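Novice: Dropping a structure here in structure tokens format, bear with me for questions.
Derivation of every value follows stated rules applied to the coordinates shown; laboratory data play no part. Please read these numbers as outputs of a predicted model, since none were measured by experiment. So basically every Cβ, Gly included, is an ideal-geometry build from the backbone, and we count neighbours across all protein chains shown.
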Amino acid sequence: SDCFTFDPGFTSTASCESQLTYIDGDQGVLLHRGYSIEELSEKSSFMEVSYLLLNGELPSKQELDDFSYTISRHTMLHEQLSTFYRGFRRDAHPMAIMCGVVGALSAFYHDSTDISDPVQRKIASHRLIAKMPTIAAMAYKYSVGQPFIYPDNKLSYTGNFLRMTFGVPAEEYEVIPAVEQALDRIFILHADHEQNASTSTVRLAGSSGANPFACIAAGIACLWGPAHGGANEAALNMLREIGTPDRIPHYIARAKDKNDPFRLMGFGHRVYKNYDPRATVMQKTVREVLAALKVNDPIFEVAMQLEEMALNDPYFIEKKLFPNVDFYSGIILSAIGFPTTMFTVLFALARTVGWVAQWNEMISDPGQKIGRPRQLYTGPAARPYVSVDKR
Ligand code: CMC
């Protein structure tokens, strides 16, 4: 029974069977339930992709309307949660607030913590997807000292989020269609990505029978790290620090230096050894958004030149390091008006759909067991206790 393989970082261990997402890292292919990310991001909507991930098939018009309506019915938060926010410091990182508030949901929605009941699991899933925009927008509002804005269910999922984030009671907020479309696309690009660190965290937490709100809070905590979802914030901060194209070679040299811990943020991926297909869509979307908003961000030029220089450098070629989803997203989010600290929050908002779909898939799997990795013990062999006066 003590026969197992040693695989630190799980580079070659499949932890589950899944029907949700397929990645071919060598070819740079990403499919959700068989549909390519290129087609979904171009032709679909975040609500539709959410339905697809949760249910396995694209919805009919009626099914999509019903699903969107159901989600809209859950957008409000328990009013008492607003006092929970007020316990945080104003300068708290919004991801710290997200970990706390999402974890606290299980204290407010007891009824949907019974994971043995598929109906309750569905309600919990809808609640999580519906409430994330409200929770994320409130984290932002709290940080800038503006009043919380309640959801407006006449708006789309993404339009509603924009209004809750940037609207103020004193003025009518108008959703700019190009912004709404771009953000919806960014949500699609982040919806799921098979067994990445945060999704594996959600599955591992869920494998013990923990309630879904606690599991998603665990996923959010994992996503925050700069090697994972925190990379979008780190990538834009890096681009701003580079500032002008003439400084790029210095940063490339640093990234290649074995004695310097610096890495190009938004570059490299465990699975993609080719261009991340999400980065391709993202780069195209940057152009569209900057044009629509008439923003001229010199950082975009820095990003493109950095990419070109890295892709022609033997170090990056040999190690197969390409831009990933986090490389260009920050430029769009910044043009829309989000501070960098909100970038990973937006990633969490969108990835909640994938987490929830993966969690449901796991709970419904009859072969599901508690996740329990083994280890190679490298500590001392058994030895007798020595009393403190003899040490
Ligand atoms: N800049 C410079 N060198 C790099 C980079 C980079 N961004 N990424 C990997 N390398 C090197 C690394 O030093 C290592 O070299 P060597 O073999 O000589 O030791 C080699 O490439 C392989 O890297 P690794 O760290 O062993 O690969 P991994 O699969 O464990 O890590 C990664 C993948 C994404 C954590 C890593 O590429 C990285 O740290 N990238 C920067 C952070 C980032 O952009 N993360 C976002 C990931 S995509 C979406 C998401 O999850 O948010």
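Novice: Expressed as a rounded percentage, what relative contact order does segment 97-183 have, with Cα pairs under 8 Å and six or more residues apart?
Specialist: Value for segment 97-183: 20 percent.
Novice: Past 23 Å, Cα to Cα: identify those pairs from K131/K154; K256/K320; K141/K294, in the order given.
Specialist: Check vs 23 Å cut-off fails for K141/K294.
Novice: Within a 10 angstrom radius of the beta carbon, how do Y140, Y275 rank from fewest other beta carbons to most?
Specialist: By the 10 Å Cβ count, ascending, the order reads Y275, Y140.
Novice: What percentages, rounded to whole numbers, describe P(r) for segment 231-336 computed over all alpha carbon pairs with 10 Å bin width beginning at zero?
Specialist: 15, 51, 29, 5, 0
Novice: Turning to a different aspect of this structure: With a 10 Å Cβ neighbour count serving as the proxy for reagent exposure, in which order, fewest first, do Y35, Y157 appear?
Specialist: Ranking Y35, Y157 by Cβ neighbours within 10 Å, fewest first, gives Y35, Y157.
Novice: Using a Förster distance of 22 angstrom, determine the FRET efficiency expected from the C-beta separation of D257 and M304, and round it to 0.05.
Specialist: 0.40
Novice: Follow-up. Viscosity 0.890 mPa s, temperature 25 °C: what is the translational diffusion coefficient of segment 149-302 from Stokes-Einstein with a Kirkwood Rh over Cα pairs, rounded to a whole number of µm²/s?
Specialist: 133
Novice: Please give me the summed charge of the neighbours of P226: other residues whose Cβ is under 12 Å from its Cβ, Lys and Arg +1, Asp and Glu -1.
Specialist: The answer is -1.
Novice: Of T70, V386, A221, which is farthest along the charge dipole of the chain in the positive direction, counting Lys and Arg as +1 and Asp and Glu as -1 at C-beta?
Specialist: V386
Novice: Around L31, what is the net charge, scoring Lys/Arg as +1 and Asp/Glu as -1 over all other residues with Cβ under 13 Å from its Cβ?
Specialist: The answer is -3.
Novice: If you don't mind, there's one more thing I want to ask. Show which lysines lie in cross-link reach of K43 when reach means a straight Cα distance below 19 angstrom and same-chain residues fewer than eight apart are skipped.
Specialist: By straight Cα distance, K43 reaches K61, K284.
Novice: Still on this structure, please answer the following. Counting only C-alpha contacts under 8 Å and six or more residues apart, can you give the relative contact order of segment 231-336 as a whole percent?
Specialist: Computed over segment 231-336, the figure is 44 percent.
Novice: Quote to one decimal, in nm, the extra length available between R86 and D117 on full extension: 0.36 nm per residue of separation minus the C-alpha distance between them.
Specialist: Extra length from R86 to D117 when fully extended: 7.8 nm.
Novice: Also: Amide H neighbours of F267 under 5 Å, at least 5 residues apart or on other chains, H built in the peptide plane: list them.
Specialist: For F267, whose amide H was placed from the backbone, the distant partners under 5 Å are N324.
Novice: Where does the charge balance sit around P245 when Lys and Arg score +1, Asp and Glu -1, over other residues with C-beta under 11 Å from its C-beta?
Specialist: Around P245, the surrounding residues sum to -2.
Novice: Follow-up question, since we're still on this one. Give, in nm to one decimal, the length gained when the segment between A96 and A227 is fully stretched (0.36 nm per residue of separation minus the Cα-Cα distance).
Specialist: So the chain would gain 45.5 nm between A96 and A227.
Novice: At 25 °C and 0.890 mPa s, grab the translational diffusion coefficient of the chain from Stokes-Einstein with a Kirkwood Rh over Cα pairs, rounded to a whole number in µm² per second.
Specialist: Result for D is 110 µm²/s.
Novice: About its Cα centre, what dipole magnitude does the chain give when the only charges are +1 on Lys and Arg Cβ and -1 on Asp and Glu Cβ, stated in debye to the nearest 20?
Specialist: In debye, rounded to 20, the chain gives about 1260.
Novice: FRET efficiency for S15 and E38, Cβ-Cβ distance as r, R0 = 25 Å, nearest 0.05?
Specialist: 0.35
Novice: Looking at H190, S41, L236, which one has the Cα that reaches farthest to the positive end of the dipole of the chain (charges on Cβ: Lys, Arg +1; Asp, Glu -1)?
Specialist: L236
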